[in-house]
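**Q** Just dropping this structure here.
The values are calculated or read from the model by the stated rules, or taken from the named source; none is laboratory data. Not measured: the values here are computed from a predicted model. Here the Cβ positions follow ideal geometry from the backbone for every residue, glycine too, while neighbour counts run over all protein chains shown. Just so you know, the surface numbers come from the protein's heavy atoms only, side chains and all, with ligands and any DNA or RNA stripped out. Shrake-Rupley method; radii C 1.70, N 1.55, O 1.52, S 1.80 Å.
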Protein chains: 2
Amino acid sequence: MIANTPKLPYYAVIFSSIKTNESADYSEMADLMVQLAQQQDGFLGIESARNELGITVSYWRDLDSIKKWKENTDHSIARERGRKEWYQTFKTRIALVERDYSFEK
Amino acid sequence: MIANTPKLPYYAVIFSSIKTNESADYSEMADLMVQLAQQQDGFLGIESARNELGITVSYWRDLDSIKKWKENTDHSIARERGRKEWYQTFKTRIALVERDYSFEK
């Protein structure tokens, strides 16, 4: 679903990835990381889609909440397994959302 | 593929959408818009994935190139059809990328 983010400004972490053929535990870990992220102070929402390329955008109140989530122990362990097993390549971009607008039928 | 964006800073336009059941001409128009965007001054790259939710992130040199692409006539016509036919809901976020880092095996 489209994240129901609050008033500007806020931050987006755009995580673009291509997986390896290794998928053991991947779905469970991905689901667990979403659950964990949702419990973090400053978490505002998350959006995800995957075909060959996967894009996950998580939204955060500020750089400090992003930093704390990055330093979370379980998240660090998951990222390490990601580098070793699940991802062939990825790119992370941290961006300050300056404008947003939406449309709904 | 993951966009090979240049050195910071640059802008990201995060377009998150949920489609209607109407898909006539959608793929053709989406492909055409990617081709057209690639020809615009200031275009840096694009990434796209769709399941129920679709996420397209396009990257741009600055706000001015984003504005000019928004004002492009063919793009405006496509957006109008998007609102009328293809999208049930969407959200666009314009964000200044402040940090990026990548991993490759």
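**Q** Scan the stretch A:44-62 for residues that are of a type in the set (V, I, T) and open to solvent by 10 Å² or more (accessible area, probe 1.4 Å) and jot them down.
**A** Of everything in the stretch A:44-62, those that are of a type in the set (V, I, T) and open to solvent by 10 Å² or more (accessible area, probe 1.4 Å) turn out to be A:I46, A:T56.
**Q** Moving to a separate point now. Of the numbered conditions (1) free of Cβ contacts under 8 Å to residues at least 60 places away in the same chain; (2) not in a strand (DSSP E or B), B:S48 satisfies every one except a single condition; which is it?
**A** B:S48 satisfies every listed condition except (2).
**Q** Here's a follow-up. Can you tell me how many residues within the stretch A:17-32 are surrounded by 13 or more Cβ atoms within 10 Å (Cβ to Cβ) and not in a loop (DSSP other than H, G, I, E, B)?
**A** Residues in the stretch A:17-32 being surrounded by 13 or more Cβ atoms within 10 Å (Cβ to Cβ) and not in a loop (DSSP other than H, G, I, E, B): 7 in total.
**Q** State yes or no: is A:S58 free of Cβ contacts under 8 Å to residues at least 60 places away in the same chain, part of a strand (DSSP E or B) and not β-branched (V, I, T)?
**A** So A:S58 passes the test.
**Q** Another question, if that's okay. Does A:I77 count as more than 7 Å from every other protein chain (Cβ to nearest Cβ) and farther than 16 Å from B:T92 by Cβ?
**A** Yes: the conditions hold for A:I77.
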